[in-house]
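Trainee: Structure in structure tokens, see below.
The values are calculated or read from the model by the stated rules, or taken from the named source; none is laboratory data. Just so it is clear, the model here is predicted, and its values are computed rather than measured. Please note that ligands, DNA and RNA were not included when accessible areas were found on the heavy atoms of the full protein model with its side chains. Shrake-Rupley method; radii C 1.70, N 1.55, O 1.52, S 1.80 Å.
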Amino acid sequence: RRSLSARARPPSRLMDLLRKILVPVLMALAAMQVYYWHGGGVLCMALVLAAGYVHFKMPRQHKQTPHVLNLSSIPGIVAAMRKSLPDDVEQMECVISLLDVTSSRAKDRAEKMEDAVREGAVHAICEGLVQHPDKSAFVVPAYQFLARLAQSKQTKDAMFKAFNEDSLLGSVVTPMRLWLMDNVKSTKDSPPQPSVLARGLAVVGALCDDRVEMQDGAAELHVPELAVQGLELCGKFHEAHAELAPLAIKALFNVCYRHGENKHMICVQVDGIRTIVRALDQLPKSMDVQLHGLGLLLDCLLEVPRAQMTNLRRLAVDAGAAPVMDAALKNFANMETICDSARQMKQLFDEVGGSMEQYVGHSADGEPRRRKGVATGGVSI
């Protein structure tokens, strides 16, 4: 390769100015020769030739036209995303344009979302996520658009096909994993902003809804473990936890529902039971958290491969699940699904007994509070 100094350089403004000045001067001198000396001689011809050389041979400074993205149509937006892949700002502008043209106010919204999938917007966004996994200004709207497609009846099947055939799930998980690594040492003075993790889990949850292949992919990428770790981290920060929990719990429900490997991951490999109970306890009025959290907890306490179910149920009781069931029955008395899950778990807890009467809620740091003399650990799974 040639070095930078050896590459062709654009002409300077001075050279362009000289060309514009020399040509008229030389032509004027040639004209004077014709007028006063009747074109006599070599000097006139030399001046004309010099003027022609300067005009045609000296490099010109070409005006650089600004790079303008064509964001007026979905094909134009997708083409712009592919051309501007190294630029995270232009990638962000393209994704925001996709969100605008497929918003609820847009005409022919369903048709435009289908066009987006057909034109390759999903692959273009995933390429951008691979290129800029740490740029939250791009990642968050990218997740929002992917979730919109994955949740739409018109495009969810096409989304699943694209992700399944081309193994795109990893591109969605990588930014979440980076976010978790960057926020492990969050403090009260610098609390985490969980938008990346929350929106990313929303995408994964929508893709895994009743899709075993996607659940398998989530297991390979350890998504359940990632979600539990994120909830544990944000559990110490009220606002962050309130933003993350509804989307994370719903995603965990879709990822783990009737999937033995994923349930084993959150119940045995990580402390998922306590984390779920903590979310249910801290957000008792959130319908999304209660609906999906109780459903997830019930599914885990009914059957988990390679686990002793009695011990798992005792662990849930020890974490304070019984009062959570009572609160759910009270706050959502008219929600049959929530009440049914709560009643079934209360029956399971009655069978194992335990320390449910001594549980008195969670402390500010997210740990269960208990009265003196009550054992809290040592449950063998």
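Trainee: Kirkwood hydrodynamic radius for region 253-332: how many Å is it when counted over pairs of different Cα atoms? It would help to have the intermediate numbers written out before the result.
Mentor: Working: mean 1/r = 0.0800 Å⁻¹.
For region 253-332, inverting the mean 1/r across all distinct Cα pairs yields 12.5 Å.
Trainee: Moving on to the next point. Karplus couplings for region 257-271 from phi (6.51 cos²θ - 1.76 cosθ + 1.60, θ = phi - 60°), rounded to Hz, Gly and Pro as x?
Mentor: Whole-Hz 3J(HN,Hα) from phi for region 257-271: 4, 6, 10, x, 5, 5, 5, 4, 5, 7, 8, 10, 6, 10, 7.
Trainee: If you don't mind, there's one more thing I want to ask. Which log10 I(q)/I(0) values, to two decimals, does region 195-268 give at q = 0.14, 0.18, 0.21, 0.26 Å⁻¹ under the Debye formula with one point per Cα?
Mentor: Summing over Cα pairs of region 195-268 leads to -0.37, -0.60, -0.80, -1.15.
Trainee: Further, regarding this structure: Which percent of the accessible area of region 105-163 is formed by carbon and sulfur heavy atoms (probe 1.4 angstrom)? Before the final figure, lay out the partial values.
Mentor: Working: 1200 of 2850 Å².
Carbon-and-sulfur percentage of accessible area, whole number: 42.
Trainee: A follow-up question, please. Roughly how many percent of the accessible protein surface of region 206-347 is carbon and sulfur, given a 1.4 Å probe and a whole-percent answer?
Mentor: Numbers: 2600 of 5640 Å².
It is 46 percent, rounded to a whole number.
Trainee: How high is the relative contact order of region 159-294, in percent, counting Cα pairs under 8 Å that sit 6 or more residues apart?
Mentor: In percent, rounded to a whole number, it is 25.
Trainee: So what does the Cα-only Debye profile of region 203-344 read at q = 0.19 Å⁻¹, as log10 I(q)/I(0), no solvent term?
Mentor: -1.10
Trainee: Rolling a 1.4 Å sphere over the protein heavy atoms, what is the accessible area per residue of region 216-318, to the nearest Å²?
Mentor: Values: 3680 Å² over 103 residues.
About 36 Å² of surface per residue is accessible.
Trainee: Which entries in LYS112/LYS156; LYS156/LYS250; LYS263/LYS330; LYS185/LYS236; LYS135/LYS185 show an alpha-carbon gap greater than 23 Å?
Mentor: From the list (LYS112/LYS156; LYS156/LYS250; LYS263/LYS330; LYS185/LYS236; LYS135/LYS185), the Cα-Cα distance tops 23 Å for LYS263/LYS330.
Trainee: Could you list, bin by bin from short to long, the percent of Cα-Cα pairs of region 216-258 in 10 Å steps?
Mentor: 30, 51, 17, 1
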